[in-house]
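Student: Could you have a look at this structure, given as C-alpha cells, before my questions?
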Amino acid sequence: MIAQLTQKGISDKAVLDALMNVPRHWFFDSGFLEHAYEDKAFPIGAGQTISQPYTVAYQSQILEVKRGMKVLEVGTGSGYQASILMEMGARVYSIERQKELFEKAKRLFRTLKYNPKLFYGDGYKGLPTYGPFDRIIITAGAPEIPEALLDQLTPDGIMVVPVGEEDQKMVRILNHPEGEIDIEDHGDFRFVPMLKDKE
Ligand code: SAH
C-alpha cells in the first residue's frame, strides 16, 4: 500500500510514516479485514465510508501538519484519518454527525493509543469554543466552503476541504494574518456528502 502511495506522488515522509504505523485494519469490521490494505474506500456503516488511503495521505500532505498543532477534523467516520493526524503529532478535535459512528469511534479509541477529542455534532458549526485551529480538514464533500470554519482558523492557518455536490475539487485555503485568503485547487476527488445538521 505504501509503495502504491509513493508511486501516486505522496512524498512527505511524515505522512508515509504515519500510514505505515497506523494499521488500517483496526478501523474495519472483522468480516472485511482482507480489504484493509487495498487503496480503496470501504463502507463503515451508516452509509458512510473510510476514505481511500491515497485520499487520506493526500489530504494529510497538503495540510502540512506539524507536531503540536491543533487540528479540527470534520467527519470522524472510522477514526482512521484522526489517528493518522495524531500519529503525526497533532492534537486532534474531530466532529461526527452520525451518532452510531460517533459512538463506535469512541469505543474504538478506548482501545487504541490515540486519544483525539471526539464531538457529536454539526461540522458546519465547527467548535468555536475550542478554536482557533492551526489546521482544519474536512473529510466529506461540502457544497461550498464552510464560512463559519474559516473564522476558526489561526491567522496563518490552513484548511483543506473537498468542495462540490457530486464530485469535489480538493480546495486548500491559506489564511493570511492581514485578513485575505488564498484559494488553491488540488484536483478531483469523490467523497460522501457533508450534510446539514440533523433536525
Ligand atoms: N475521516 C473519516 C472519513 C469518513 S466519511 C475516516 O477516516 O474514516 C465522512 C464522514 O463525515 C461520515 O462519517 C459522515 O457521517 C460525516 N459527516 C457528514 N456531514 C457531516 C457534518 N455536517 N458534520 C460532521 N460530520 C459529518
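The values are calculated or read from the model by the stated rules, or taken from the named source; none is laboratory data. A quick note: this is a predicted structure, and the numbers were derived from the prediction, not measured. Using ideal geometry, Cβ is built from the backbone for each residue, glycine included, and neighbour counts are taken over all protein chains shown. Surface accessibility is based on the protein's heavy atoms, side chains included, excluding ligands, DNA and RNA. Shrake-Rupley method; radii C 1.70, N 1.55, O 1.52, S 1.80 Å.
Residue by residue, here is whether (1) of a type in the set (Val, Ile, Thr); (2) touching a Ser or Thr at 6+ places or on another chain (Cβ under 9 Å); (3) closer than 27 Å to residue 167 by Cβ holds:
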| residue | (1), (2), (3) |
| --- | --- |
| 10 | yes, yes, yes |
| 53 | no, no, yes |
| 56 | yes, yes, yes |
| 75 | no, yes, yes |
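Student: Please go through segment 10-34 and pick out each residue that is of a type in the set (Gly, Ala, Ser) and modelled with pLDDT under 95.
Tutor: 30, 31
Student: Can you find a residue in segment 148-155 that is open to solvent by less than 20 Å² (accessible area, probe 1.4 Å), free of Cβ contacts under 8 Å to residues at least 60 places away in the same chain, within 12 Å of the ligand (Cβ to nearest atom) and in contact with a strand residue (DSSP E or B) (Cβ under 8 Å, 6 or more places away or on another chain)?
Tutor: Within segment 148-155 (the criterion being open to solvent by less than 20 Å² (accessible area, probe 1.4 Å), free of Cβ contacts under 8 Å to residues at least 60 places away in the same chain, within 12 Å of the ligand (Cβ to nearest atom) and in contact with a strand residue (DSSP E or B) (Cβ under 8 Å, 6 or more places away or on another chain)), the answer is no, since none of the residues qualifies.
Student: Where residues in segment 94-147 are hydroxyl-bearing (Ser, Thr, Tyr) and free of Cβ contacts under 8 Å to residues at least 24 places away in the same chain, which of them is farthest from residue 176 (Cα to Cα)?
Tutor: Residue satisfying both the conditions and the ranking: 111.
Student: Can you tell me how many residues within segment 32-65 are more than 20 Å from residue 17 (Cβ to Cβ) and part of a helix (DSSP H, G or I)?
Tutor: Residues that pass the stated criteria total 4.
Student: Another question, if that's okay. Which of (1) open to solvent by 40 Å² or more (accessible area, probe 1.4 Å); (2) within 13 Å of the ligand (Cβ to nearest atom); (3) of a type in the set (A, V, I, L, M, F, W, C); (4) within 24 Å of residue 57 (Cβ to Cβ) is the odd one out, the single condition residue 195 does not satisfy?
Tutor: (4)
Student: Tell me, which strands (runs of 3 or more DSSP E) wholly within segment 70-162 include 3 or more residues that are hydroxyl-bearing (Ser, Thr, Tyr)?
Tutor: Hits in segment 70-162: none.
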